[in-house]
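Derivation of every value follows stated rules applied to the coordinates shown; laboratory data play no part. The structure displayed is predicted, hence computed values, not measured ones. Every residue, glycine among them, receives a Cβ derived from its backbone with ideal geometry; neighbour counts consider all protein chains shown.
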There are 2 protein chains.
Amino acid sequence: MREERRTAQKDAVRRALGEESGFISAQQLHQRLSDNGASVGLATVYRQLNALVDSGLADAIPVSGGQLFRACEQREHHHHLVCENCGRAVEIDPPSEKWIRTVAKDHGFTVNRHVLEVFGLCADCHNAGVEPNDRPEAFRDS
Amino acid sequence: MREERRTAQKDAVRRALGEESGFISAQQLHQRLSDNGASVGLATVYRQLNALVDSGLADAIPVSGGQLFRACEQREHHHHLVCENCGRAVEIDPPSEKWIRTVAKDHGFTVNRHVLEVFGLCADCHNAGVEPNDRPEAFRDS
DNA sequence: ATGCGTGCAAACGATTTGCAGAGAA
DNA sequence: TTCTCTGCAAATCGTTTGCACGCAT
């Protein structure tokens, strides 16, 4: 019988992820937890993150070098506008979902899911003079 | 002085990728090359694939567990309709690019690039009774 | 001959997992 | 006590890189 147990680190990870304004890597979230005194094992961070994604409480988007996570309110389908530098993201509404089904049908495809991620720079990072092709902050050294 | 040298394995990788109908992982492409007698080192496959992506002759999309490649004709911006099982993909035209810029501007974002990938099952795989949530063929064992 | 490209194996970085101990129920 | 969850370290896995040799130029 699956028994769900409530623990301090579980709460810590959930809270930390919820406090983030944008997508964040598991490693960086782990780092942030350490900084805030709440020392949680990296493995646990990964385990919790995966659990959240499985239960639909978080989104994970694969990027070159790993994946980024973010807590998501809308259980519904939605898209993101992501800042390539700081990871800040806002949820945006879908454009023409029907267009997708139409195109898919034309090619005999059965649509299962689709991903639309818009990358760019948020106002802050843009003003800070960050170059569009810089390595994302989330995967930068030190 | 950068000197571009033509080699057998370079051609082999390019040709093999071109013959693929959809996205394929580096490992799988390497396997396919071996099967066809053209033995090319895995490292070389990666090196060539990256070179192709850099020069814009191929597309790479990050997926959980790695990345998938595909030769692309259109140097222009375009999107894909991808079969989650066999990796087959067709290039589709963008829907409302202007919609994206509008939304981005509303949030103060500077758009750099965007990704739209539609996943589902192609007619063949659908008829074969493949389940939507199966692990992609490209990353399945053996 | 010159030096780019390749193969191999070691190195890497992100993520996962085995296992013994810690703590929630 | 019971059994899940955690932490640590070792193990995986995709991908990159160092180095010595082969081959295109």
| request: Would you pull out the residues with amide H under 5 Å of B:I92's amide H, same chain only if 5 or more places away, H placed 1.01 Å from N? | output: B:H79, B:H80, B:L81
| message | Given R₀ = 22 Å, what would the calculated FRET efficiency be for A:T44 paired with A:A71, taking r from the Cβ atoms and rounding to 0.05? | response | 0.85
| query | Between B:V63 and residues 5 or more places away or on another chain, which pairs have amide H atoms under 5 Å apart, with H built 1.01 Å from N, and which residues are they? | reply | B:L68
| said: Can you give me the C-alpha center-to-center distance between region A:7-21 and region B:27-63, rounded to a whole angstrom? | reply: 40 Å
| query | Rounded to the nearest 0.05, what FRET efficiency do B:D11 and A:W99 have when you use their Cβ-Cβ distance and R0 = 51 Å? | reply | 0.85
| message | Need one value for A:100-108: mean number of C-beta atoms belonging to other chains within 10 Å of its residues' C-beta atoms. | response | 5
